[in-house]
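Read through the structure below, which is laid out as structure tokens, and then see the notes.
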Amino acid sequence: MSLTTTRRRLPGSSGSRVGRPGAVWALPALLFFGAFALLPLVLVAYLSLTAWNGLGTPDFIGTQNWEELAGDPAMREAVGLSTALTTLSWLVQTPISLLLGVWAAGPQRNRAILSAIFFVPLLLSTAAIAILWRALLEPNFGPMSNVGWFPNLLGDSPSALLVIVFVTAWQFIPLHTLLYQGGARQIPVSLYQAAEIDGASRARAFWHITLPQLRNTITTSSVLMVVGTLTYFETVLVITGGKHHTTIVPYLMYESGFVATRLGYASAVACTLVVVATAVSLAMVRFTGFGSMRSTREGM
Amino acid sequence: MTGTSQVAPAPEAEPTTGDTPAPSPQGRGWWGSLRAGSRRHNVLAGAGAFVWLLVVGVPIYSLLVATIQPYEDYIASNPLVPPDNPTLDNYVTALNSGLFGFVWNTLLVTVAVVAIVVALTTTTAFAIVRARTRWTTGIFRVFLLGLAIPLQAVVIPVYLIINQLGLYDSLMAIVLPTAAFALPVCVLILTGSMRDISDDLYEAMAIDGAGSVRIFVQLVLPMSRSGISTVGIYAALQAWNGFLFPFLLTQSEENRLITLGLFEFQDQFGVNIPALLSAVVLSAIPILIVYLIARRSLVAGLMGVGGK
């Protein structure tokens, strides 16, 4: 390279342009992602305006699906169930994973062994976990049927929904615990030292230092959690098969699309998922400024 | 100075975040730092962690106990008591039900997904971290937003696209969307990891006259090894554990993946729950092996996503 293209800058600035990749480097990934994630996002909106049985070409029918969806009691129930599932899951998973994560970030001696066991559910697939729990809770042949007082949780509503909340918490709390553990490790120790000098109690330090410092982690974790919960499907498919009032929105989409082969109508159901999930994550990202590439510790 | 001599001595900027905490300048978090000298244990927190240990451990224990019991013992015994007549018959039953074919298919899909994801995310993260133009910032935002796209929401158009490409009921039908949906998280992990490479190293190589390709190959790839292995493991987990795409995009037994195989065993084995659970255990073994080999980088990478 000739010297004319090598512009020196002030120390600490990001340096010369030489050796900087062009945006072209990101293009293949963007195209690939576009084809299988972004294009479908547009297509699903179009498909919601069609009648399509999965074979042949979709027929454009205007807003018929949407009108039907608006008056569909199954959809109303599914939205209610999805809202309940998401809210309950967030309320159960966030405090537990936050506390476990902050605890696991500390120097306890047996922490390593405990963390390894905490990690096990992450290795099992959703399908495997759902099969495990269905087997454990099976009312007639499952092991719980030998424990006399255990009720038939799967055969009733709303306990079937609560089983789904529990199983998903069991599966995902380890992941969120890891996120919080990573976040907590990055909190500068000087903050706690200062608090200690001021005579702050553990609870106060947690409330005034740990929680605010974990702001970004809470957002990341919550976005993943909410979007994840909105899309639970396998768990419902395996554990209840949509029975006992567990037909959440994604399951309704599957049922109307791939079982009843009305893919246009199912696309309208899917659109509501897109809108809700995007709105939720945009709101959370905006709210906390996550994604603007800023550091949590900016200005310190 | 050559590029390679620059690479070797550079320290990792990220605090080690495995199971054994290295004494890092960032500190060890709340519990360790507050009253560090007194080493007073927080009894309440320890008790909470123990309760969660039971919540995770007891079902895993029941799972393992169930798989080594004869069926007659299983239906009659308490799940918390160790078995009287341990046996491996259930595993034999599971293995004789076509499990190997499913595992082989899953392996092929996993390797392909990992290859695509690693190739695409390393180049993209490099561009995002180093180019810093409006374009790359925009692309980064697209991937961040992509984190929020629910798989279910787009599976119908993906089904349409796969049909149009003539790929329905093939392993490729699973590979392509699975890889695409692993990209956002992987880009996030890798940009985090590449951002820690110091500017001085780029500077030195650039002054040496290295172009972006040489910098990528000689500096960026070696320096982000841990990030790359995290991404690889994450993509492998996604592929190995994926359900929706195999469920809706394939049909025939010859293209069946392991998760779907388990789901169908549920009907096939009926009430033979010990055999079913043995298949569950077997399906997790490959991932367990990968985890044991690469635990540290996986854990560190996942923690990094939350911390950044």
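The values are calculated or read from the model by the stated rules, or taken from the named source; none is laboratory data. Predicted model only: the values in this text are computed from it and were never measured. Using ideal geometry, Cβ is built from the backbone for each residue, glycine included, and neighbour counts are taken over all protein chains shown. These area figures cover heavy atoms from the full protein model, side chains too; ligands, DNA and RNA do not enter into them. Shrake-Rupley method; radii C 1.70, N 1.55, O 1.52, S 1.80 Å.
Considering only residues that are among the polar types (S, T, N, Q) and closer than 22 Å to residue B:120 by Cα, look in region B:183-224 and name the one that is surrounded by the most Cβ atoms within 10 Å (Cβ to Cβ). Checked region B:183-224; the qualifying residue surrounded by the most Cβ atoms within 10 Å (Cβ to Cβ) is B:193. Screening region B:76-109 for residues that are more than 27 Å from residue A:174 (Cβ to Cβ) and touching a residue at least 60 places away in the same chain (Cβ under 8 Å) and picking the one that is surrounded by the most Cβ atoms within 10 Å (Cβ to Cβ) gives B:105. Quickly run through region A:250-274 and pick out the residues that are in a helix (DSSP H, G or I) and more than 8 Å from chain B (Cβ to nearest Cβ). The answer is A:251, A:252, A:255, A:256, A:259, A:264, A:265, A:268, A:269, A:272.
A count restricted to region A:52-72 and to residues that are small (Gly, Ala, Ser) and over 31 Å from the mean Cα position of the chain (by Cα) stands at 2.
Which residue is most open to solvent (accessible area, probe 1.4 Å), if the candidates are limited to region A:193-206 and must be within 21 Å of residue A:95 (Cβ to Cβ) and in a helix (DSSP H, G or I)? By that ranking, first place goes to A:204.
Residues in region B:154-182 that are open to solvent by less than 40 Å² (accessible area, probe 1.4 Å) and of a type in the set (Phe, Trp, Tyr): B:159, B:181. Scanning region A:224-236 for residues that are more than 14 Å from residue B:153 (Cβ to Cβ) and open to solvent by less than 20 Å² (accessible area, probe 1.4 Å) yields A:225, A:235, A:236. Counting residues in region A:172-184 that are open to solvent by 10 Å² or more (accessible area, probe 1.4 Å), touching a residue at least 12 places away in the same chain (Cβ under 8 Å) and under 30 Å from residue B:266 (Cα atoms) gives one or more. Candidates in region A:53-85 are the residues that are in contact with a Phe, Trp or Tyr (Cβ under 9 Å, 6 or more places away or on another chain) and within 30 Å of residue A:30 (Cβ to Cβ); of these, the one that is surrounded by the fewest Cβ atoms within 10 Å (Cβ to Cβ) is A:60.
The condition of being out of contact with any strand residue (DSSP E or B) (no Cβ under 8 Å at 6 or more places or on another chain), within 30 Å of residue A:46 (Cβ to Cβ) and either facing chain A (nearest Cβ under 7 Å) or part of a helix (DSSP H, G or I) (or both) holds for residue B:156. In summary, helices (runs of 4 or more DSSP H) completely within region B:185-300 and bearing 3 or more residues that are farther than 30 Å from residue A:241 by Cβ and hydroxyl-bearing (Ser, Thr, Tyr) occur at B:225-241. Of all residues in region B:119-153, exactly one satisfies the criterion of being over 12 Å from residue A:30 (Cα atoms), open to solvent by 40 Å² or more (accessible area, probe 1.4 Å), among the β-branched types (Val, Ile, Thr) and assigned to a helix (DSSP H, G or I), namely B:137. Only a single item in (1) open to solvent by less than 30 Å² (accessible area, probe 1.4 Å); (2) modelled with pLDDT under 90 is not met by residue A:252, and it is number (2). I need the full set of residues from region A:130-187 which are under 12 Å from residue A:240 (Cβ atoms), at pLDDT 80 or above and aliphatic (A, V, I, L, M), in order please. Residues satisfying the conditions are A:130, A:137, A:160, A:161, A:162, A:163, A:164, A:167.
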